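To start, the structure itself, in structure tokens.
The values are calculated or read from the model by the stated rules, or taken from the named source; none is laboratory data. Predicted, not measured: the structure shown is a model, and the values here were computed from it. As a convention, Cβ positions derive from the backbone with ideal geometry for all residues, glycine included, and neighbour counts pool all protein chains shown.
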Protein chains: 4
Amino acid sequence: MSENPTIGWFEGRVHHYPLRVYYEDTDFSGVVYYANYLKFCERARSSFFRLVGFEHAALWEGDNPIAFAIRKIALDYKKPARIDDSLIVRTSYDRIKGPRLFVSQSVWRGDEELVTAVSEATAISPEGRPRRMPKNMMEALGPYLLPV
Amino acid sequence: MSENPTIGWFEGRVHHYPLRVYYEDTDFSGVVYYANYLKFCERARSSFFRLVGFEHAALWEGDNPIAFAIRKIALDYKKPARIDDSLIVRTSYDRIKGPRLFVSQSVWRGDEELVTAVSEATAISPEGRPRRMPKNMMEALGPYLLPV
Amino acid sequence: MSENPTIGWFEGRVHHYPLRVYYEDTDFSGVVYYANYLKFCERARSSFFRLVGFEHAALWEGDNPIAFAIRKIALDYKKPARIDDSLIVRTSYDRIKGPRLFVSQSVWRGDEELVTAVSEATAISPEGRPRRMPKNMMEALGPYLLPV
Amino acid sequence: MSENPTIGWFEGRVHHYPLRVYYEDTDFSGVVYYANYLKFCERARSSFFRLVGFEHAALWEGDNPIAFAIRKIALDYKKPARIDDSLIVRTSYDRIKGPRLFVSQSVWRGDEELVTAVSEATAISPEGRPRRMPKNMMEALGPYLLPV
């Protein structure tokens, strides 16, 4: 029984982030509201970063402050999730190209794939300009990227 | 000074929905959180429907209850919106094919395009099965679709 | 047909802010999720400020940057709001005491009072320390306060 | 390394629910947006219920469907939480009186108390009418209530 919030785990290069569907996630039609999957995906990406050693706050307040902004995302809603569902978000960081990070995610309930999300994030400075990821981040993420 | 909430207006076949950025929409990086544009887009699509004569509640409680679920959406984040910004969401309903509705949206601050969203909605029954839109809805939406 | 987002209006010292209930506001039980009334209240308070001449962004970036943080709020949920409802948030700024602003709000659907919210806000510096409101703000808010 | 989402644990009669602060929870002022503590509190109350054997979905779909609606809540914001913070929500179910459940909650970061929330929930039928909690729920909650 851990006192720490969920951070998920890796299976190979794929991060797994478990989450529960609460009232706040649903809408009157009885299913999870479509925007909330973007929250689930962001929690998973942040947990991926934390697990390999990086926190938003520290990155944002360091000497070369950076944050990650999503530039593009394409979502495919296959099946709806419902209140009380126990879900897993699978995240893989596929490629890095300059300041850009290419991400594949999917939301699962058991062995049912509910939603897929393919996105492109960019590392940015506080002024919003694209910024190369620092070397230690590149090295930490390296083992999780797709083989070239 | 109207007592009614904003419903927007049409310019040709394009619906325009104005909205303000509030605290709730932003995140600690200072800009609008990426999931919240999906809320803006949904407010705009709902207002489009309302302006041509359809309300979610009435559709959902009628004899042939239907709701609209987004099946696919692709977002392109070009520039960030910030607290207090006055934005316009432009929405066009491009095509209907069986139960499917193809939608193009964009979020503007003055003459700057901030975000685009291309989506596919499906009319569904309460059980989640695809359902053709009722005839009166087809007729009401007809004039706003792309010419064939 | 205004191109500007809703800002509401005053009737005497009471600000009125109209809003629509969208999908995002509801939960699977069919009514507005309880946390979302805090969003409605904040939109109304921000619009009150804007209507008397103050914007968050300008206050936060000025020479003596301030923002408002809610320190206490007590909510009473009397009746639920539902999808498509047209609501009005009534806001009065009752008293100012040093950095503290005492606020009374209520959410109405027609002549039904749905929710009341009594709160205490504090003007704070970016470091989070209480800060007296600037003189021009005191003067602008003066006419809307309860008579002493 | 559990595959299940966080459900928290009891220390005596007090439920402890750990959570992480993500982007979605913060606003442009750099801290957690005030409405989001209500989400945290609801996640904790739902997890309390789940841990003693009750799920929203099952309660809502059973023979005598009930859900819980918050009727009153009073929040005291003492200190702000920030991005990446690891928080614990402590929840105690103090008393049951007919359909009403009296709840005390607080949000902690280590040994700092950030927010307190005192609320009154009511068990309701799908039509929104107050309904006594079923006997098995009374028995399950009994050991966690304040001694009479």
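Quick notes on this structure:
- So residue D:28, is it more than 25 Å from residue C:76 (Cβ to Cβ), crowded, with 24+ Cβ neighbours inside 10 Å and modelled with pLDDT under 95: yes
- Inside segment A:88-130, residues that are touching a Cys at 6+ places or on another chain (Cβ under 8 Å) and either hydrophobic (A, V, I, L, M, F, W, C) or surrounded by fewer than 21 Cβ atoms within 10 Å (Cβ to Cβ) (or both) make up a count of 3.
- Meeting the requirement of 3 or more residues that are touching an Asp or Glu at 6+ places or on another chain (Cβ under 6 Å) and more than 14 Å from chain B (Cβ to nearest Cβ), the strands (runs of 3 or more DSSP E) wholly within segment A:46-147 are A:100-109.
- Taking segment A:66-119 as the range and being within 24 Å of residue A:147 (Cβ to Cβ) and hydroxyl-bearing (Ser, Thr, Tyr) as the test, the residues that pass are A:91, A:92, A:93, A:104, A:106, A:116, A:119.
- Checked against (1) under 21 Å from residue D:7 (Cβ atoms); (2) within 14 Å of chain B (Cβ to nearest Cβ), residue A:20 passes all but a single condition, namely (2).
- Candidates are the residues of segment C:13-60 that are free of Cβ contacts under 8 Å to residues at least 12 places away in the same chain and among the small types (Gly, Ala, Ser); the one that is farthest from residue B:83 (Cα to Cα) is C:29.
One line per residue, one yes/no per condition, for (1) buried (at least 24 other Cβ atoms within 10 Å of the Cβ); (2) modelled with pLDDT under 95:
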residue: B:15; (1), (2): yes, no
residue: B:62; (1), (2): no, yes
residue: B:81; (1), (2): yes, no
residue: B:86; (1), (2): no, no
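- Odd one out for residue C:57 among (1) out of contact with any strand residue (DSSP E or B) (no Cβ under 6 Å at 6 or more places or on another chain); (2) small (Gly, Ala, Ser); (3) buried (at least 19 other Cβ atoms within 10 Å of the Cβ): (3)
- Output for segment A:113-129, where each listed residue is over 19 Å from the mean Cα position of the chain (by Cα) and of a type outside the set (Lys, Arg): A:125, A:126, A:127, A:128
- Search result, residues across segment B:29-59 that are hydrophobic (A, V, I, L, M, F, W, C) and either over 26 Å from residue D:33 (Cβ atoms) or out of contact with any helix residue (DSSP H, G or I) (no Cβ under 7 Å at 6 or more places or on another chain) (or both): B:31, B:40, B:41, B:44, B:48, B:49, B:51, B:52, B:54, B:57, B:58, B:59
- Residue that is farthest from residue D:56 (Cα to Cα), among those in segment A:23-45 that are charged (D, E, K, R), at the interface with chain B (Cβ under 10 Å from one of its Cβ atoms) and under 13 Å from the mean Cα position of the chain (by Cα): A:42
- Checking every residue in segment D:29-41 against the condition of being under 16 Å from residue D:143 (Cα atoms) and in a loop (DSSP other than H, G, I, E, B) gives zero matches.
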